[in-house]
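See structure below.
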Amino acid sequence: MKILLKFTTIIALSLLPFSLLSQIKANYDESKVPSLALPDLFVSESGKIIQSADEWEDIRRPEIFQLFQQEVYGEIPKDFDKISFKLAQESLNPYPELAKLEEVDITVERNGNSHTMRINLFIPRVGKGPFPVILLINHRAKYPDGRLSEDEYWPVEELVKRGYATASFHAETVAPDNKDTYHNGIISNLYPEQIEKPDGLKALGAWGWGAMRAMDYFVQHPEIDSEKSAIVGHSRSGKSALWTSANDPRWAITYSNESGCGGAALSKRKYGETVQVINTSFPHWFNENFKKYNNNEESLPLDQHMLLSLIAPRALYVASAKGDQWADPKGEYLSLQIGSRVQTDIYQKNSSFETDFESISKPIHLENAGYHIREGKHSLKWEDWGIFLEFAAKILQ
Ligand code: GTR
């Protein structure tokens with residue numbers, strides 16, 4: 001009987017899709033994490049020791065950026081012929097006393113083709129503008145066509161009460177989150193040459209492109225202070241927010257919530273979600289080159305602390321949840337701890353995380369970087385926002 005049971009379990013397991021099978025095998029045992037050999041932030045490819053902001057910006061930062069573009073996320077194309085903004089009036093403003101609602105259709109044209117995405121922007125009615133702005137990349141909103149919907153993880157009311165303008169867009173109005181149709185947005189419409197390239201644009205980069213177009217709207221808006229801006233993303237959108245900010249220095253603060261593998265967490269730890277698992281479940285997120293590292297993290301010429309380093313000298317915030325081991329909270333913190341050395345050593349913005357991961361008992365908010373870990377599961381909650389806003393207030397106001 002026991003043997004029969006075992007046998008049926010093996011058959012059942014072998015019928016599971018590969019991604020699920022790998023989740024079952026995910027490592028959650030710290031003693032099985034390989035000893036870490038991470039590429040050095042401060043040694044260039046030619047062996048030069050990087051010591052000054054000029055050396056960082058002229059030599060090492062471009063090298064690291066290029067590695068991520070080529071090996072992980074693909075290029076976010078920056079060129080287009082025309083951008084235009086048109087206000088729509090489709091949704092009822094849920095907070096008419098507190099804020100103005102702008103539903104903006106952003107149309108971008110390139111080589112005779114065009115694509116339109118929708119952002120929803122709330123601007124406080126109380127207080128004196130121009131207002132700092134917080135953008136949420138949203139892959140979970142109810143309407144994939146971008147219409148406004150209530151979202152528990154986008155606390156509009158609280159944000160406008162605190163004096164922020166806030167916007168969000170549905171990721172799907174830029175690129176569908178689907179392995180077969182992800183290119184049926186800006187990629188096919190505007191940048192079709194990216195499709196066949198091994199380092200071409202994929203969904204995470206496309207969503208980042210969308211965030212950059214939202215920023216194009218903010219910079220020309222008289223009621224928005226775009227220099228005081230934060231980009232926020234949870235999970236897959238958190239990965240996207242980090243890569244966006246590496247591409248676009250217009251974001252004053254970057255906040256990734258539980259972004260995990262391919263986001264803030266170190267890949268070489270192979271704890272929770274791994275490169276192979278993410279590339280198998282979501283082959284449309286990262287570029288084709290990244291698949292070379294499936295079950296082969298040792299040969300990655302980079303790790304995610306280097307992605308975080310690209311955001312300096314602008315502020316960076318990383319958050320984790322204890323119940324989200326899939327995203328490897330310790331790997332997210334270590335990556336921030338190491339990546340923030342650029343803030344401290346190159347830009348003299350005191351951001352050294354002295355506390356060991358195991359001893360963290362409260363949020364750590366430093367001059368230009370912050371971290372918190374809360375109880376509970378994978379989600380962007382008011383608790384996360386509330387703690388993040390304390391950090392943001394210090395940076396932006
Ligand atoms: C999971 C995925 C994670 C994370 C998450 C999410 O299934 O494995 O990398 O992105 O989805 O976006 O909620």
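The values are calculated or read from the model by the stated rules, or taken from the named source; none is laboratory data. Only a predicted model underlies this, so the values are computations on that prediction, with no experimental measurement involved. Note that each Cβ is placed from the backbone with ideal geometry, even for glycine, and that neighbours are counted across all protein chains shown. For accessibility, only protein heavy atoms count, side chains too; no ligands or nucleic acids. Shrake-Rupley method; radii C 1.70, N 1.55, O 1.52, S 1.80 Å.
Here's a check for you: in the range 264-307, which residue that is buried (at least 22 other Cβ atoms within 10 Å of the Cβ) and among the aliphatic types (A, V, I, L, M) is nearest to the ligand (Cβ to nearest atom)?
So, considering only residues that are buried (at least 22 other Cβ atoms within 10 Å of the Cβ) and among the aliphatic types (A, V, I, L, M), the one nearest to the ligand (Cβ to nearest atom) is I278.
Pull up the range 342-375, narrow it to residues that are part of a strand (DSSP E or B) and open to solvent by less than 10 Å² (accessible area, probe 1.4 Å), then point me to the one that is nearest to S309 (Cα to Cα).
Ranking the candidates gives A369 first.
Give A175, A141, A171 a once-over and let me know the one that is farther than 19 Å from E223 by Cβ and touching a Gly at 6+ places or on another chain (Cβ under 6 Å). Outline the logic, then answer.
Working: A141 fails: touching a Gly at 6+ places or on another chain (Cβ under 6 Å); A171 fails: touching a Gly at 6+ places or on another chain (Cβ under 6 Å).
Selected residue: A175, the only one of A175, A141, A171 that is farther than 19 Å from E223 by Cβ and touching a Gly at 6+ places or on another chain (Cβ under 6 Å).
Across the range 308-326, what is the number of residues that are open to solvent by 10 Å² or more (accessible area, probe 1.4 Å) and either more than 16 Å from the ligand (Cβ to nearest atom) or in contact with a Ser or Thr (Cβ under 7 Å, 6 or more places away or on another chain) (or both)?
3
Take the conditions open to solvent by less than 10 Å² (accessible area, probe 1.4 Å) and out of contact with any Lys or Arg (no Cβ under 8 Å at 6 or more places or on another chain) and apply them to G339. Does it pass? Step through it out loud before you land on a result.
On the way: open to solvent by less than 10 Å² (accessible area, probe 1.4 Å): yes; out of contact with any Lys or Arg (no Cβ under 8 Å at 6 or more places or on another chain): yes.
Answer is yes for this residue.
Out of (1) among the polar types (S, T, N, Q); (2) under 16 Å from M212 (Cβ atoms); (3) in contact with a strand residue (DSSP E or B) (Cβ under 6 Å, 6 or more places away or on another chain), what's the single condition that is false for N247?
Of (1) among the polar types (S, T, N, Q); (2) under 16 Å from M212 (Cβ atoms); (3) in contact with a strand residue (DSSP E or B) (Cβ under 6 Å, 6 or more places away or on another chain), only one is false for N247: (3).
Looking only at the range 84-95, decide whether some residue is open to solvent by 30 Å² or more (accessible area, probe 1.4 Å), part of a loop (DSSP other than H, G, I, E, B) and aromatic (F, W, Y).
yes
F122 is checked against (1) modelled with pLDDT under 95; (2) open to solvent by less than 20 Å² (accessible area, probe 1.4 Å); (3) more than 19 Å from D384 (Cβ to Cβ) and fails just one. What number does that condition carry?
Among (1) modelled with pLDDT under 95; (2) open to solvent by less than 20 Å² (accessible area, probe 1.4 Å); (3) more than 19 Å from D384 (Cβ to Cβ), F122 violates only (1).
So, in the range 178-189, of the ones that are closer than 23 Å to D216 by Cα and not hydrophobic (A, V, I, L, M, F, W, C), which residue ends up least open to solvent (accessible area, probe 1.4 Å)? Give the steps one after another, and end with the answer.
Let us first name the residues in the range 178-189 that are closer than 23 Å to D216 by Cα, namely 183-189.
Within this subset, residues satisfying the condition of being not hydrophobic (A, V, I, L, M, F, W, C) are 183-185, 188-189.
On the way: H183: 47, N184: 95, G185: 2, S188: 44, N189: 58 Å².
Only one residue tops the list, namely G185.
Among E109, E103, E158, which is the only one that is open to solvent by 20 Å² or more (accessible area, probe 1.4 Å), modelled with pLDDT of 95 or more, within 26 Å of K82 (Cα to Cα) and not hydrophobic (A, V, I, L, M, F, W, C)?
Answer to the selection: E109.
Restricting attention to the range 190-219, which residues are surrounded by fewer than 21 Cβ atoms within 10 Å (Cβ to Cβ), in contact with a helix residue (DSSP H, G or I) (Cβ under 7 Å, 6 or more places away or on another chain) and either without any contact (Cβ under 8 Å) to a residue 40 or more places away in the chain or not in a helix (DSSP H, G or I) (or both)?
The answer is I195, P198, D199, G200.
Taking the range 140-152 as the region of interest, how many residues are touching an Asp or Glu at 6+ places or on another chain (Cβ under 9 Å), within 15 Å of the ligand (Cβ to nearest atom) and either closer than 13 Å to S379 by Cβ or open to solvent by 60 Å² or more (accessible area, probe 1.4 Å) (or both)?
Residues flagged as touching an Asp or Glu at 6+ places or on another chain (Cβ under 9 Å), within 15 Å of the ligand (Cβ to nearest atom) and either closer than 13 Å to S379 by Cβ or open to solvent by 60 Å² or more (accessible area, probe 1.4 Å) (or both) within the range 140-152 amount to 1.
Of the residues S226, S235, S256, which single one is within 15 Å of the ligand (Cβ to nearest atom) and open to solvent by 10 Å² or more (accessible area, probe 1.4 Å)?
S235
Across the range 33-83, what is the total count of residues that are assigned to a helix (DSSP H, G or I) and open to solvent by less than 40 Å² (accessible area, probe 1.4 Å)?
So the answer is 12.
Every residue in the range 175-189 that is farther than 21 Å from N279 by Cα and in contact with a Ser or Thr (Cβ under 8 Å, 6 or more places away or on another chain), please.
Once the filter is applied, which keeps residues that are farther than 21 Å from N279 by Cα and in contact with a Ser or Thr (Cβ under 8 Å, 6 or more places away or on another chain), the range 175-189 yields only N189.
May I ask you to list the residues in the range 116-139 that are within 16 Å of the ligand (Cβ to nearest atom) and assigned to a loop (DSSP other than H, G, I, E, B)?
Residue satisfying the conditions is H139 alone.
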